[in-house]
Each structure stands twice: as C-alpha cells, then as structure tokens.
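J.: Just dropping this structure here.
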Amino acid sequence: MRRSRRRPAATVGNTAPVLEFERCIREDATLDDLDLELAEAFLRPTPVGNKPVLDSLQHYGLIRREGDAWRITHAGLLLFCRPERRHWYPRAGLQVRRVAGTQTMVGRSQNVTIVGGVGPPLAVAIAQGMTMVAGQIRISDALRDIFFRDMPEYPDFAWREVVVNAVAHRDYQVGGLGIEVTFFDDRLEVSSPGGPLAPVTVEALNAGTAGRATRNPMLAHVLADVGIMQGSGTGFARVRDEMSNSSLRPPNVVHQHGMFRVTLRNEPEYTMAGPGWKNVVRSLPVSPDQKRILLARPDGFTHEDYGRLNAVVESDAKQGVHDLVRKGITTCAFRDEDDMPIYYLTPDLDDTRYFLEDRVPELLNFFRRHPKLRPANYRKLFEAAPAQASRELRQLVELGFLQVEGRGRGKGYLPLAGLRK
C-alpha cells in the first residue's frame, strides 16, 4: 500500500508541527465511498454549485484525478462519506451534553445528560448538531429584564460560529477525542481537539486581536462558501461583538491538555437589580433606555456606561442621563476634579431599592405557599415590631406590591404583579 501524500507541516502555537491531515489521500477509498448526491446538494450554494459534482469536488481539492482514477482526501470523506464508512473517523462529529448545575459531578451525584451525538459525514452532522444545540438554548430572564423582550441566553451568531469553528478547525488526526458542546446553568463550553495555529494565540483571541489561521483550510473554504461560517477571519471578532451587544461577558478561550475550549457565559456583565426594584423601574416615567441603565447599574453609572449599554452616541447618552437628574431620579457626584461624573439614585429611591431587595424575595417565597398575608405573618417573617410592620405594609401597598383585603381582625394582603412570580 502506498503512503499518503503529505504537504508541509503547519505550526501550532508553541507545540510540535501538525500535518495537514485533511489534504492526505485515503489509499483504500474510492468514489463509491462518497455520497455524491449529498455532495451535490451540499455544494449547490457555492460558486461552483452549478458544475458537475466531480468538478465541484475537484475544485475544492476534495478529490484528485490521477490517470484514470480518482483519489479521495480525508477532507472529502469527512464531509461526504457514506454512513458505512464513518467508522474511518471515530468521534469526528460532535456530542451535546447538559449539566444540571455549574460543575460536572460523578458517581451517585452524576448530573450529566447526553442530549445526543452526530458523526460523519460532516455535511449532515453540522446541520443535525446545530439543531440539537439550538434546542438547548433557553430564553434569558436576565436579558429580558434589560432589553424588555425575549432574548436567547447566547446570541444566535455567537454560539453557531463557535460550534462551526470547532468543526472546521479541530485536529482530525486525534481519533479518540471528539467535539463536546456542554451546557451548564451559567455557561456554554465548546471543546475540540487541537490548539490555535500561529500567528493566532490564546492570548490574542482573548484580547480580541487574533489574526487568521486554520488547521483545515479546505474544510473552512467549503463551509465558508456554503455560508455556514465566516470566511474572512472575522468570525471570532464578531462573536465578541455579539456578546457585548447582548451585555454579556466576552468569550473566554483556553488551550489545555490538547483540547481547545471556548466558553460563552450567559450572565450579564452588569450586576442586575432584584425583582422588587425591577417593578419600581417599570413604573417610572422614563424612556426604555433610561429604565435599562437603572436596572443594569443601580449602584451608579457614567455617561459611557449609558452609551455602551444602549448603543447610543455620547450626546444622546448625556441627554438621557441629565434627564434622569432633572426628574429627581438620580443625582450626580464626582470622584475628583478630573474624573468622569458618576450618577447615583437619589437617597429616597436608593432606600426604597434596598428595602425592596430585602423584603420582596421573602414575600415571593411566602406567597408560593400561602394565598394571603396577614400582619402577624409579616411581623414574624421579618421580626418586625407592630408599628414598623404597619409602616412597611403601607409602603408595599403604595408601591403596588400588595393589595389590602378585609378590615379589622380579618385584614390581610393579597399579592399584586410584583409578587406573583
């Protein structure tokens, strides 16, 4: 048997050179091992999709003509092999998992559910894998509170690009390890064999200054022409932008023990207000942009915070912030003469916020178990004297959290919208 032809090695960061496995010929493969109907359908959106399928495959270097025979590359087989040949590339697909919690547990405390797995051909596995991953993306309550509309916990482009990049750039010579897409309560991790190629480094990726390099240029070329991934080397930069535009932390990249892992976190970069303050903000006579900053930064914010959160220019940010001061909702303070002013809630509103942040969670728990709150219940719940309890119950009624029912000894309180969650 002849040996596979190999091209010059590509350098992986600071590690040993890695051969371009995808370009190598699989000596025992023939055209019969390719699903040509799948290849024709998959390549149809490309610039050569109107040509005969063998010409299209040859255009991308997936097959090569030698005399009267066709030679088949690993890239061609990875993309279009018939199902009975997928054993040639064990674990070359991806597996989707869900972890109940923020850490993986083993033994009796095992908390991992296998959602599903897909293998070659990649032309089918990518679509099936995307469907599985999409089914695990939830609606984010925290982002809904900021943007006042349903939003996924991870931006659509961000998670799709990270998953497709894992498929396009993984090391397919490592047969014992596969791509794992793991959902935790607070994050999404996509792990794949291999590491970044020079000049790309982990540090540059995390800093948002990475260049462009790929271990599998043939696969990447096909996927870009099909429209599945970005082909200009700007995909990861856009992932960072999409996360920022959704007020989420930037992606984090790690290369450890031969695995390349990208983590997307679903927690907003802002410290969000609690349910009590959210209800107050919704009732304030201010714009959606102003409500957004009051919810996201109740402990203080600058013009820059306002502009970045709401994606508005500096003049609009200053106008929105100054309007909050005019309406008596915020007050301005300076760190020093040369520093940027910071805007805080007025003392009365701040006192109201802290009062609600302390009381509302306990009241929510109470109303999950009981339909009605009596003054005695309130005094016991918060260890409050009668006069204090009466004062606070009146305040909760005025703020729209409670509704009085009955009089005298039969007096009680029913929950309104802010306490019905």
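The values are calculated or read from the model by the stated rules, or taken from the named source; none is laboratory data. Just so we're clear, the structure is a prediction, and the values are computed from it rather than from any experiment. Neighbour counts are summed over all protein chains in view; Cβ atoms, including those assigned to glycine, are modelled from backbone coordinates with ideal geometry. Areas reflect the complete protein model, heavy atoms only, side chains present, ligands, DNA and RNA absent. Shrake-Rupley method; radii C 1.70, N 1.55, O 1.52, S 1.80 Å.
J.: Which loop-located trypsin sites (Lys or Arg not before Pro) does region 257-305 contain, where loop means any DSSP state but H, G, I, E or B and the Cβ has at most 10 other Cβ atoms within 10 Å?
T.: Within region 257-305, no trypsin sites (Lys or Arg not before Pro) qualify (loop, at most 10 other Cβ atoms within 10 Å).
J.: Please work out how many pairs of lysine residues in region 225-380 are eight or more positions apart (or on different chains) and have Cα atoms closer than 30 angstrom.
T.: 9
J.: May I ask you to evaluate 6.51 cos²θ - 1.76 cosθ + 1.60, the Karplus curve with θ = phi - 60°, for each residue of region 256-265 and list the ³J(HN,Hα) values in order in whole Hz, giving x for glycine and proline?
T.: So the J values, rounded to whole Hz, are 8, 6, x, 10, 9, 10, 10, 10, 10, 9.
J.: Which residues in region 125-155 have a backbone N closer than 17 Å to a point placed 7 Å from the Cα of Arg282 along the Cα-to-Cβ line?
T.: 140-151
J.: Follow-up. How far apart, in nm, are the 7 Å Cα→Cβ label points at Ala385 and Arg65?
T.: My value for the distance between the label points is 9.7 nm.
J.: A further question follows. Could you compute how fast the chain diffuses translationally, taking Rh as the Kirkwood radius over C-alpha pairs and applying Stokes-Einstein at 20 °C with viscosity 1.002 mPa s? Give it in µm² per second.
T.: 84 µm²/s
J.: Between Tyr344 and Arg238, what is 0.36 nm times their sequence separation minus the Cα-Cα distance? Round to one decimal in nm.
T.: 34.9 nm
J.: Shifting gears a bit: Could you list, bin by bin from short to long, the percent of Cα-Cα pairs of region 215-260 in 5 Å steps?
T.: Values per bin, smallest distances first: 5, 18, 18, 19, 22, 15, 4.
J.: Got a sec to turn the phi values of region 140-153 into Karplus ³J(HN,Hα) couplings, 6.51 cos²θ - 1.76 cosθ + 1.60 with θ = phi - 60°, whole Hz, x for Gly and Pro?
T.: Each residue of region 140-153 in turn: 8, 5, 5, 6, 4, 5, 7, 9, 6, 7, 5, 9, x, 5 Hz.
J.: GluC sites (Glu not before Pro) within region 241-330: which are DSSP loop residues with at most 16 other Cβ atoms inside 10 Å?
T.: Taking region 241-330 and a limit of 16 other Cβ atoms within 10 Å, the loop GluC sites (Glu not before Pro) found are Glu269.
J.: May I ask for the percentage of alpha-carbon pairs in region 290-360 that lie more than 17 Å from each other?
T.: 42 percent
J.: Quick one: which residues, 5+ away or cross-chain, put their amide H under 5 Å from the amide H of Gln403? H built at 1.01 Å from N.
T.: Amide H neighbours of Gln403: Leu414, Leu416.
J.: Taking only the alpha-carbon positions of region 244-305 and ignoring solvent, what does the Debye formula give for the base-10 log of I(q)/I(0) at q = 0.23 Å⁻¹?
T.: Debye curve over Cα of region 244-305, log10 I(q)/I(0) at q = 0.23 Å⁻¹: -0.99.
J.: Please figure out what share of the DSSP beta bridges in the chain is antiparallel and state it in percent, rounded to the nearest 5.
T.: 90 percent
J.: Quote the relative contact order of the chain in percent (integer), defining contacts as alpha-carbon pairs under 8 Å separated by 6+ residues.
T.: With pairs under 8 Å counted, the relative contact order is 11 percent.
J.: Of the candidates Leu31, Leu294, Leu197, which one comes out as most mobile in a Gaussian network treatment of the chain with C-alpha springs shorter than 10 Å?
T.: In this elastic network of the chain, the residue with the biggest mean-square fluctuation among Leu31, Leu294, Leu197 is Leu31.
J.: A further question follows. Just the projected area, averaged over all directions, of the convex hull on the alpha carbon atoms of region 186-320: how many nm²?
T.: 10.8 nm²
J.: Can I ask one more? How large is ³J(HN,Hα), in whole Hz, for each residue of region 217-230 in order, when computed from phi with the Karplus curve 6.51 cos²θ - 1.76 cosθ + 1.60 and θ = phi - 60°, using x for Gly and Pro?
T.: These are the phi-based 3J(HN,Hα) values: x, 5, 4, 4, 4, 5, 5, 5, 5, 6, x, 7, 9, 6 Hz.
J.: What are the principal axis extents of the Cα atoms in region 13-103, in Å, biggest first?
T.: Cα spread of region 13-103 along its principal axes, largest to smallest: 55, 33, 28 Å.
J.: Any number yet on Rg/Rh for region 52-159, C-alpha, Kirkwood?
T.: Checking Rg against Rh, the ratio lands at 1.16.
J.: Continuing with the same structure: Report the gain in length on full extension from Asp316 to Arg212: 0.36 nm times residue separation, minus Cα-Cα distance, nm rounded to one decimal.
T.: 33.8 nm
J.: Continuing with this model, one more query. Eigenvalues of the Cα gyration tensor times 5, then square-rooted: what semi-axes does that give for region 68-121, in whole angstrom, largest first?
T.: For region 68-121, the semi-axes come out at 36, 9, 8 Å.
J.: Additional query: Accessible area per residue of the chain at 1.4 Å probe, in Å²?
T.: Ligands and nucleic acids excluded, the figure is 50 Å² per residue.
J.: Going by amide H atoms built from the backbone, whose H comes under 5 Å of the H on Leu248, apart from near neighbours?
T.: Long-range HN contacts for Leu248: Glu269.
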